[in-house]
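The values are calculated or read from the model by the stated rules, or taken from the named source; none is laboratory data. On a predicted model such as this, the values are computed, not experimentally measured, just so you know. Cβ placement follows ideal geometry from the backbone for every residue including glycine, while neighbour counts extend to all protein chains displayed.
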Amino acid sequence: MPNSAPSRHSHSSRVILRLAVPSPLRRLFDYLPPADATEEQITRLQPGVRVCVPFGARTLVAVLVSVETETSVEHSKLRHAGEILDIAPVLPKALLELTLWAAQYYQHPQGEVFSTMLPALLRQGRPATHPGRKVWYLSVQGKGLSPDALPRAPRQREIVDFLTEHGELDKESIAELGISAAGLNALLKAGLVETGERPRPLSLGPGHQITAREDELALNAEQQLAVDAIRATIGTFSCTLLDGVTGSGKTEVYLQVIAAVLRQSRQALVLVPEISLTPQTISRFRKRFQCRIAVLHSGLTDAERLQAWLEARDGLAAIVIGTRSALFTPLARPGIIIVDEEHDSSFKQQDGFRYSARDLAIVRARSENIGVVLGSATPSLETLHNALSGRYQHLQLTERAGVAERPTLRLLDTTNEALQEGFSGPLLQDIADHLERGNQVLVFLNRRGFAPTLQCADCGWIAECQRCDARLTLHKSPPHLRCHHCDARKAVDRYCPQCKSKHLQALGLGTERSEGVLTRLFPGTRVLRVDRDTTRRKNELDVLLNEVHRGEPCILIGTQMLAKGHHFPCVTLVAVLDADAGLFSADFRGQEHTAQLLMQVAGRAGRAGQPGEVVIQTRHANHNTLQALTLRGYGSFARTILAERQAAAMPPFSHLALLRAEATDFRNPELFLASVRQCAETLLARSEPRLVTLMGPLPAPMEKRAGKFRAQLQLQSEQRPALQHLLGQLCTELETMKESRSVRWSVDVDPQDMI
């Protein structure tokens, strides 16, 4: 196996390839050029190309980071690289630098970070070139078709007319125009249409004008000010917080800013937090812009993902829309990055390479000298702090767009209320009143399944997961018990395993149970459940949302999937069933996340012409968080929490990292982290003053998960460089520490989840 770089002593002036090899080792590796490579091939080598290399007994696809003339490794121990897969770099210089920076900042192996940057097929060595595109066109018979033909098949007639005018259709056109697949197949079967393959078009290039499909909406004064301010920064690095209440028209601001970017023949990258939001975002953008839009998220096939990635890299796609990993998409002519719902925890990867797409978007924008816009109705405290301190441009949209008004928020104290399956009498009456007026109601309960607990009424036994410190959730359709942490499943117990009693009872509410309750109480109203269980199959969410958008009275019951970014113009009442669940979290960010979730779901009410109402059921109506949100709004609440964080020297006024360890033996994680702490204290003893504080090791709040016992060591500092310096030293030591072989360990810099 090749040894690591960089060099201390020169052993030769021959060409050395310094490569990022996908392995858990935190270093780059030196290789000799391929044995059969010509002098010309070696001279043309550029950082960012892929190279096949022998690594142990395997052959892996590595990325060339630099070409060197010196190495610290004896030449007799260096191995020759294999095939050079690319003539030109697959990763441009800016992304290469971003990858190396991210690997160092998040303390993750460089090779694995580079692997994360590339689509799966490129990691497997597939060519980084566009395949041909499939097209449909009229056959000779189709071209001779009479204008009066197909009178009983209007959709087929539309396709024939389109092909007569435009010549051919490709997959993108079919999707954009909503052309019937059944109609197209019928024409193929009848011999009126044929298929073929065409080469991919070249890059649109500078000077190409993007035309609009629909007119821009009229802006209010705040929106216009925001658009003008962001447009003024195009072509230079700037970071802007677009802080707008729900329904204030942030998307229209994005669209008009992007239009200005496209007029300069630049590209726009738009990040959204969830796959569920991607289709509606794409639809909105396709209605506005007549250009190719590349889509990137985990729901695509490997081939679809590679195609979109290549279209962005080669400048074919003017707009790129995607979830977290889309941040790493290369752009031929980058113009702006937009991070919608920037506060959302989905932008932080929670395992493996634990990066924040929001934070890296800012780093990337700086390196590419372009603007980045962070949009949210409930900004994260880190982002808000940077805006208030003047590091970011702070633009506020305080009113809803058009004629829509902000909804009224009301706390409904259920302390002395008799609840009917989780619903109070006053809330049920509110639901009935809104339905009678022909409106829609959204009921929010962030807990899926039928009931969170199955308990024996006689001895108190509770169904618990054998692999996690968690209870099993009861699901009724189909009947089973499931752990929502490790996804373990088992049949529903027919009798208590402890006392053999048959008196088992389902305690608590889940969306599945609430759906049944609402269906029974409102028999003439359609009840639609939206959670992970009802939207597993492709397009199921679209079907549900399309039914809602028809505008007929209905009740939506769902989890936080409904809270993020959806526009429901006919929803006039939002009911929050269990607002207390997040008020007493062990995580110091619990109050912030609860407030964001409540305000986001509240924002679904009254987004059109009719006024909206939000009713929050709670047994803690006097809780500071709920009082602050209902009386003063999120902005005032956030400033109060910021002051508390500053007094406690917690983020964003200090910087955190967690060293996590897990193992099947409950003793090993804490023993390992105790050794880590001892090592850290030895390293800190050499520095004056001591700039990093240590806490732990302690068991994780959920100590057992997926069959592994977990512990963590917290490192905290008011100076980020001091924390980074210690982490870099520690990671080098940990790779050789004997105790590390008995655990799986990881580093989480700027953790968003302390659990």
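In the stretch 424-461, the qualifying residues are those that are within 20 Å of residue 512 (Cα to Cα) and without any contact (Cβ under 8 Å) to a residue 60 or more places away in the chain, and the one that is surrounded by the fewest Cβ atoms within 10 Å (Cβ to Cβ) is 453. For residue 690, the stated conditions hold: it is assigned to a loop (DSSP other than H, G, I, E, B), over 23 Å from residue 385 (Cα atoms) and charged (D, E, K, R).
Does the stretch 487-501 contain any residue that is assigned by TED's automatic domain parsing to the domain that holds residue 430, out of contact with any Cys (no Cβ under 9 Å at 6 or more places or on another chain), farther than 30 Å from residue 351 by Cα and assigned to a loop (DSSP other than H, G, I, E, B)? Looking for residues that are assigned by TED's automatic domain parsing to the domain that holds residue 430, out of contact with any Cys (no Cβ under 9 Å at 6 or more places or on another chain), farther than 30 Å from residue 351 by Cα and assigned to a loop (DSSP other than H, G, I, E, B), one finds none in the stretch 487-501, hence no.
Under the condition of being part of a loop (DSSP other than H, G, I, E, B) and in contact with a Ser or Thr (Cβ under 9 Å, 6 or more places away or on another chain), which residue from the stretch 385-403 is surrounded by the fewest Cβ atoms within 10 Å (Cβ to Cβ)?
Here is the first cut: in the stretch 385-403, the residues part of a loop (DSSP other than H, G, I, E, B) are 389-392, 398-403.
Next, only the ones that are in contact with a Ser or Thr (Cβ under 9 Å, 6 or more places away or on another chain) stay: 392, 398-401.
Numbers: 392: 22, 398: 12, 399: 18, 400: 22, 401: 22.
Here the residue is 398.
Restricting to the stretch 425-482, name every residue that is polar (S, T, N, Q) and out of contact with any Ser or Thr (no Cβ under 6 Å at 6 or more places or on another chain). If the condition is that a residue be polar (S, T, N, Q) and out of contact with any Ser or Thr (no Cβ under 6 Å at 6 or more places or on another chain), then 429, 440, 453, 455, 466, 473, 477 are the ones that fit. Of the helices (runs of 4 or more DSSP H) contained entirely in the stretch 126-194, those carrying at least 3 residues that are within 19 Å of residue 290 (Cα to Cα) fall at 154-166, 171-177. Starting from residues that are among the basic types (Lys, Arg) and outside any loop (DSSP other than H, G, I, E, B), keep the ones in the stretch 221-272 and report whichever is nearest to the chain's Cα centre (by Cα). Among them, the one singled out is 250.
Give the stretch 627-669 a look and list any residue that's acidic (Asp, Glu) and in a loop (DSSP other than H, G, I, E, B), or say none. Talk me through it step by step, then tell me what you get.
First pass over the stretch 627-669, keeping only residues acidic (Asp, Glu): 644, 662, 665.
Once the filter is applied, which keeps residues that are acidic (Asp, Glu) and in a loop (DSSP other than H, G, I, E, B), the stretch 627-669 yields only 665.
Of everything in the stretch 530-554 that is touching a Lys or Arg at 6+ places or on another chain (Cβ under 9 Å) and outside any loop (DSSP other than H, G, I, E, B), the residue that is surrounded by the fewest Cβ atoms within 10 Å (Cβ to Cβ) is 547. Regarding residue 671, is this residue farther than 23 Å from residue 593 by Cα and free of Cβ contacts under 8 Å to residues at least 40 places away in the same chain? No; evaluated as a whole, the condition is false for this residue.
Looking only at residues of the stretch 561-591 that are under 21 Å from residue 516 (Cβ atoms) and of a type outside the set (Val, Ile, Thr), we find that the one that is modelled with the lowest pLDDT is 581. Quick one: in the stretch 569-597, which of the residues that are among the polar types (S, T, N, Q) and surrounded by 24 or more Cβ atoms within 10 Å (Cβ to Cβ) is nearest to the chain's Cα centre (by Cα)? Ranking the qualifying residues of the stretch 569-597, first place goes to 596.
Across the stretch 274-283, not a single residue is classified as more than 18 Å from the chain's Cα centre (by Cα), surrounded by 22 or more Cβ atoms within 10 Å (Cβ to Cβ) and either in the same structural domain as residue 355 (by TED's automatic domain parsing) or outside any strand (DSSP E or B) (or both). Of the residues making up the stretch 358-384, those that are assigned to a strand (DSSP E or B) and touching an Asp or Glu at 6+ places or on another chain (Cβ under 6 Å) number 3. Within the stretch 43-73, restricting attention to residues that are surrounded by fewer than 16 Cβ atoms within 10 Å (Cβ to Cβ) and β-branched (Val, Ile, Thr), the residue that is farthest from residue 123 (Cα to Cα) is 69.
For the stretch 168-190, indicate whether the set of residues that are touching a Leu at 6+ places or on another chain (Cβ under 7 Å) and modelled with pLDDT under 70 is non-empty. Looking through the stretch 168-190, none of the residues is touching a Leu at 6+ places or on another chain (Cβ under 7 Å) and modelled with pLDDT under 70.
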